[in-house]
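The values are calculated or read from the model by the stated rules, or taken from the named source; none is laboratory data. Everything numeric in this text was worked out from a predicted model, so none of it was measured. Here the Cβ positions follow ideal geometry from the backbone for every residue, glycine too, while neighbour counts run over all protein chains shown.
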Amino acid sequence: MKQPIKSIALLALSGLLAAPVQAAPVVTQAGVFTLSPCPSFCGGGGGTSESDFDGGVGLTSAYAEIVGGVNGDGRAAASIGGAGVPLITLNAEAYSLPNATVTADAGAMQKYLYSGPTSNFTLEVQLDGSVVEGSQPPDASLVGNVMVVTASDLDFSTDYGTFAFEIVPGTPGAQALDEEVIVFLQEGLHNLGPQSVTRTLDFTLEDGDSVFIWASLLTRGTRGGSADAFSTLDMAFTAGNVAGLSAVPLPAPLVLLASALGLLGLRRGARRG
């Protein structure tokens, strides 16, 4: 029963980010969660947790952090921008104390319209980071996910399982063109210092296609473990008629709403003992 208890506790902390966000062409989210104590599971009587969240629909950047927390430190950031076609950049790091767990997650999604002759695209994704296992390996993890989906509208979640196996299949007309999942543990990259992994996504677009690029970055450290990917998950086109892609902005009324929510305190932090 210990593993389910741990899973339930972590799910409770990350529920805000994992919950689907209704269809929007632009969205970013970032969150940091901590929990203790962590004997052979995390949580239970006398537990202490902390959390910080940021982001939402229409926002091209989000940032959350817990520094000097009772359970450890974590930061997460998501942004959409850059020269030419705006693309997603994600950052996250989680450093846990010996009897605690820290998770830091970031995610984003951007919609594009393609105009021009049929073109074969290559999107290169690079994930730089390091993982140090805690006292009960593998008490640390670093996972990056990127997916390209054609659809007219698409809901969003930072959780890969929710997005890939619920949202995309459940959206009429949506089709996943390609995806990459980078798991440092599966790559054998724990306890080796800074590492860099590069993957490519290949897909074809036709005139008038509506396409989404979605990405998430998850880091976790438990019982002294750490995962540092603040060196970035980023991406760039290396092939295709990139000039034919245009990012779809949020409709003006929703931009005003997002700005108003930000002024009212869209970023929410909560610490409790």
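Within segment 39-57, the set of residues being within 22 Å of the chain's Cα centre (by Cα) and either among the β-branched types (Val, Ile, Thr) or over 21 Å from Met235 (Cβ atoms) (or both) comprises Ser49, Glu50, Ser51, Asp52, Phe53, Asp54, Gly56, Val57. On the stretch given as segment 214-249, residues that are buried (at least 24 other Cβ atoms within 10 Å of the Cβ) and assigned to a strand (DSSP E or B) total 13.
When segment 143-163 is filtered for residues that are surrounded by fewer than 19 Cβ atoms within 10 Å (Cβ to Cβ) and either closer than 24 Å to Arg220 by Cβ or without any contact (Cβ under 8 Å) to a residue 40 or more places away in the chain (or both), the ones remaining, listed by number, are Gly161, Thr162.
Contact map, segment 76-104: residues that are free of Cβ contacts under 8 Å to residues at least 24 places away in the same chain paired with residues that are in a strand (DSSP E or B) and of a type in the set (Ser, Thr, Tyr), Cβ distance under 9 Å, separation 6+ or inter-chain. Pairs shown: Gly81/Ser61; Gly81/Thr89; Gly82/Thr89. Of all residues in segment 15-73, those being touching a helix residue (DSSP H, G or I) at 6+ places or on another chain (Cβ under 7 Å) and closer than 19 Å to Ala247 by Cα number 5. If you go through segment 74-107 and keep only what is crowded, with 21+ Cβ neighbours inside 10 Å, under 24 Å from Leu59 (Cβ atoms) and in contact with a helix residue (DSSP H, G or I) (Cβ under 8 Å, 6 or more places away or on another chain), you end up with Thr103, Asp105, Gly107. In segment 108-125, the condition of being of a type in the set (Ser, Thr, Tyr), over 25 Å from Leu59 (Cα atoms), out of contact with any Gly (no Cβ under 6 Å at 6 or more places or on another chain) and not in a helix (DSSP H, G or I) is met by at least one residue. Do you know which of the residues in segment 172-193 that are over 28 Å from Ala239 (Cα atoms) and in contact (Cβ under 8 Å) with a residue 12 or more places away in the chain is surrounded by the fewest Cβ atoms within 10 Å (Cβ to Cβ)? Going through the qualifying residues, I end up with Gly193.
Scanning segment 19-71 for residues that are without any contact (Cβ under 8 Å) to a residue 40 or more places away in the chain, assigned to a loop (DSSP other than H, G, I, E, B) and of a type in the set (S, T, N, Q) yields a total of 2. Are any residues in segment 52-66 modelled with pLDDT under 95 and of a type in the set (A, V, I, L, M, F, W, C), and if so, which ones? Val57, Leu59 - these are the residues of segment 52-66 that are modelled with pLDDT under 95 and of a type in the set (A, V, I, L, M, F, W, C).
Any idea how many residues of segment 108-127 are crowded, with 19+ Cβ neighbours inside 10 Å and within 16 Å of Ser216 (Cβ to Cβ)?
Here the count works out to 6.
Might you check whether a residue that is part of a strand (DSSP E or B) and within 26 Å of Tyr95 (Cα to Cα) occurs anywhere in segment 168-179?
Taking segment 168-179 and keeping what is part of a strand (DSSP E or B), we get 175-179.
Those still in the list that are within 26 Å of Tyr95 (Cα to Cα) too: none.
No - not one qualifying residue is present in segment 168-179.
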